[in-house]
Every structure is written in structure tokens, then in C-alpha cells.
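Q: My questions will all concern the structure given below.
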Amino acid sequence: MNDELRYRFPAGFRWGAGTSAFQIEGGVTEDGRGPSVWDTFAAAEGSIHSRHTAEVACDHFHRYEADIALMAEIGLPEYRFSVSWPRVMADGRNPEPRGLEFYDRVVDALLGRGINPSVTLYHWDLPQALEDEGGWPARDTAYRFADYAALVQRSLGDRVDQWTTVNEPFCAAFLGYGIGVHAPGIQDDVLALQAGHHLMLGHGLAMQALRAGSRTGQEFGLALNFSPALADVDDRRHAEARRKFDGLHNRFFLDAMLGRGYPADVVADTRHLGEWTSAIRDGDLDLVAQPVDWLGVNYYAPARVLPLDDPEAVSNCRLPGLRGVDVLPPRGPLTSFGWEQAPGALTSLLTWLHEYAGGIPLAVLENGAAFEDKVEADGRVHDKERERYLHEHLHAVLDGIRAGADVRAYVVWSFLDNFEWALGYTQRFGLVHVDFADGLDRRIKDSAYYYARVIETNALPD
Ligand code: GBH
């Protein structure tokens, strides 16, 4: 058997690369777009590295045709992008036809080149007008989100098969309203937990709206970020620390989506913070538990946890409910973001999810790494570290499949170097290099050529 046969992916496996609207588009005031919470947050002093903003970002709003030509050049079969809610509803409520037309053109350009569009409805850019009315801690936002989902389905649904409702409710809720390192920059654990519930309610209501307008061939799901918890010692106290971290990071949203409600242990761990569960009304948990066609799995790195001597001590990672647990520094090899490279944790994550979620189809919707890429004298980007990262993580996915997990897709984060949220333009995740200092020129990196070969053969090279 040759190596390519040995490391072959299942027939029909879906390959792609992803981006999100706020991170690449720019054009933030064009064609009637309204401000999002991220425009507001990025304008505030002290929130983003070096006061970078996303007013221009990769200028994808104007360069989408050239970007899609690059996707075709790489040979990407699928492109995952997000629709900017405030571009298609400036105030979060009323449709903006010019915004919808932009995504119409993007979808047509993709299909024109034989690339399958995969739409994410919420990748964190809440219309500022809705934040002004209370944002995700307010229940009404979930209903506004479902109306928005229905609008996009009516506009793009005739051509788009793959749909993600919410990307990483963990980040939107806990980083946005809890720790405050993401927009809208609020630090309130009760609001964060209530935001988490309303994001899930929004997901459930959006699933209903999407299904109501659906046609054969469409698939709908939710994308969750996972971070397996590792500990150095195998004793009761370390197991308890892992349980706490795992509960909040890996089971909180998943259990709700699976119809099990929010995990009892996390509810207990967060009870002292305040009565956040009062946000859960009768019937909500059924709405949240709409059946999905796949679970989107976003994986970057595991976390190392340590139990503290004082069980009441506040965690150094400041997440709600993590009293008595510290997060240890990651261990090498690291990415430039400082995240641990641990492909084995991806295999165990996929096999755990397969067991835990009853054989649910899985789609890896984000995986990738930031490195300090340089354009070399030959005009190319020899990003060997990213190539190795992708290779090892694809092996990990294959190991997960061989252990029985029903993994149907793998989508690299990211297609382009882009605006990396609180870290601005300092972290490059792209398969394609963007020259932020000079003209935003694009250059296909070596890792993209590696990935192109994987896609072409549906297999890993040895
Ligand atoms: C993704 O989220 C995003 O979807 C994407 O937009 C982004 O560009 C990409 O990652 C790269 O950052 O110790 O609790 O603060 C990543 C998910 C979740 C990973 C939070 C880092 C730190 C957890 N992230 N996690 S915590």
C-alpha cells in the first residue's frame, strides 16, 4: 500500500478554509452598513493591540473577486465566511438591500468558480443598536437573531447548502461579557452566563427559522470551541480542576445543544455568582435543543490546569465558575500566539465527542495556527511551521476517524491573514499572506500548496 492510500480520508470528505466578516471585510461604513459592537470596542483606547482597527482590514469588501480567484488557484472546494449582521440590517432589525447584495455577489462569485459557500450567521459582530438595547444579556436579541437568520436564508438559501448559526458562543458570552477582552468589553459574570443562554436560544430559534425555509441539500449546525483540560497529576484534586474547566469550556453549550440542559456541575460552580438561571424560561431548553445536522468543532489548543490550595481563590483566567482552578502556562512547541501545539488532544477530543454526543456527525470548522511568517527574498512565504502544524493536525483528524468518529469536514483557519480581534494584525493565521504595511498585497504561502495537495489527493503525504 502506498502512503497516499494509507493516509486517505473518507470519500466525500469536505475541505475548506474560513474567515469571518469583521476580520477581513473593511468597508465598515459602505452601502448602509451600521456599526457593530466590534467597531465600537476597537475604537476605544486600550482594547486592541497598538490601537489597530478593522476599518480597512483586508479590504475584502472591495477585493472579494480577487480573493475568490486565489481560492480557486489554491483549489479550495469550500469557503466558510460569515455574514455581517449590521451590513444586512444596519440597526439589527431592518433589512439593508445593498448589504444583502454584497453577499449575493460573493456567493455567485464562489459558485462561478465551483467553490461551495458555507455561511456563518454570527461571528461576533452584533449590531451596536442591539447592544444599546441590552445586547445578548437581553432576551429580545435572540428573537432579533432569528429574524436576521430568516432574512439571510431568504436571500442566499437558494444557493447556500452549509449553514452555521452561531460561532463559538463561549467567546461571545464569556470573553465579551465576562472577562471583557472581546466586544462589548463588559465584565459581569451573571450577564455573561445569561448572554450564553440567549446565544443558545438565538441558535435554537434561528435553527427553526432556517429549517422552515429550507430545501433539500441544506445542512445546519452550531460551531463550538473546545479546549481539552490537561493536568500534570492524576489525583482527585487535579481531576476536580479538570472537571471545572471542562464543564465551562467543553460541556456547557454542548449539553444544552444536545437537549441535556446546562450541566448540573457548572450550574453548581456558578451559583455563588448570582441567579443567572432565572434567564431560562419554560420551554427554552427544548428550543435550544433543535436537532443539528452536524456539530462544528473549533480546536486550537488544550489547557493545563492546576487545583489551588484555597478552593475559594479566584482563577487566574477569570472565567465564571472557575474558583480554585488556575491555568498554567502552555508548554512548547508553541505558536506565535503562545498556544500549545497538541495534535493528540484533537484526536481525543473527536473520539470523546463521538462517544459523548452519541455518534453525532462532526465538522472541524476551525483549526490552524499563527506564526511569524516572513516574505523571503524569493518573494515567497516558506511557512514550514504551519505546514507541519496542519500536517500533524490532519493526522490527528484521521486518527479520530479511525477510532470511529464521524468527521465529515475540515476547514482551516484562516484563508487570509486578518484582524485577530484583541491582538489586531499581530497574529497571522492565513494560508495567504497579507501585506498590512504595504498595499494589502496577497501571497499564497507554502502551507497553502501543501494543503492543496492534500485536497487534491484526499489524503496526507507521508
Ligand atoms: C477562533 O476562536 C475564532 O473563531 C477566530 O475568529 C479567531 O481568529 C481564531 O480563533 C484565532 O484566535 O483561557 O478561556 O481565555 C478561538 C477560540 C477561545 C481560543 C478562547 C483561545 C482562550 C480561552 N479561543 N481561548 S481563555
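Q: Just checking, does segment 97-113 include any residue being open to solvent by 10 Å² or more (accessible area, probe 1.4 Å), within 23 Å of GLU168 (Cβ to Cβ) and in contact (Cβ under 8 Å) with a residue 24 or more places away in the chain?
A: no
Q: Within segment 409-419, identify whether any single residue is within 11 Å of the ligand (Cβ to nearest atom), surrounded by fewer than 21 Cβ atoms within 10 Å (Cβ to Cβ), in contact (Cβ under 8 Å) with a residue 12 or more places away in the chain and not small (Gly, Ala, Ser), and answer yes or no.
A: no
Q: Could you please find all residues in segment 153-199 being in a helix (DSSP H, G or I), more than 16 Å from the ligand (Cβ to nearest atom) and under 19 Å from the mean Cα position of the chain (by Cα)?
A: Listed by number, the residues that qualify are HIS197, HIS198.
Q: Take the residues of segment 44-62 that are among the β-branched types (Val, Ile, Thr) and under 23 Å from TYR103 (Cβ atoms): which is modelled with the lowest pLDDT?
A: THR53
Q: Return the pair list, or none, for Cβ contacts closer than 8 Å from residues in segment 423-442 that are more than 24 Å from GLN341 (Cα to Cα) to residues that are more than 15 Å from the ligand (Cβ to nearest atom) and of a type in the set (Val, Ile, Thr), at least 6 apart or on different chains.
A: Sorted first by the residue in segment 423-442, then by its partner, the pairs are ASP435/VAL375; LEU440/VAL56.
Q: Tell me whether segment 38-56 contains one or more residues that are touching a residue at least 60 places away in the same chain (Cβ under 8 Å), in contact with a Leu (Cβ under 6 Å, 6 or more places away or on another chain), open to solvent by less than 10 Å² (accessible area, probe 1.4 Å) and over 17 Å from GLY18 (Cβ atoms).
A: no
Q: Can you find, within segment 221-238, the residue that is nearest to ARG331 (Cα to Cα) among those that are open to solvent by 50 Å² or more (accessible area, probe 1.4 Å) and away from the ligand (no atom under 14 Å from the Cβ)?
A: In this case the residue turns out to be ASP232.
Q: Also, quick follow-up: Suppose we keep only residues that are open to solvent by 10 Å² or more (accessible area, probe 1.4 Å) and within 15 Å of the ligand (Cβ to nearest atom) within segment 283-302. Which one would you say is nearest to GLU219 (Cα to Cα)?
A: Residue satisfying both the conditions and the ranking: TYR300.
Q: Condition first: more than 10 Å from the ligand (Cβ to nearest atom), open to solvent by 80 Å² or more (accessible area, probe 1.4 Å) and within 25 Å of the chain's Cα centre (by Cα). Now tell me which residues in segment 307-344 satisfy that.
A: Hits for segment 307-344 are PRO329, ARG331.
Q: Are any residues in segment 114-145 surrounded by fewer than 24 Cβ atoms within 10 Å (Cβ to Cβ) and of a type in the set (Gly, Ala, Ser), and if so, which ones?
A: Correct list: GLY114, ALA129, GLY134, GLY135, ALA138, ALA142.
Q: Taking the condition of being open to solvent by 10 Å² or more (accessible area, probe 1.4 Å), assigned to a helix (DSSP H, G or I) and among the aliphatic types (A, V, I, L, M), how many residues in segment 350-394 meet it?
A: 0
The values are calculated or read from the model by the stated rules, or taken from the named source; none is laboratory data. Source: prediction; values computed, not measured. No Cβ is skipped: glycine too gets one built from the backbone with ideal geometry, and neighbour counts run over all protein chains shown. In case anyone asks, the SASA skips ligands and DNA or RNA and just uses the protein heavy atoms, side chains included. Shrake-Rupley method; radii C 1.70, N 1.55, O 1.52, S 1.80 Å.
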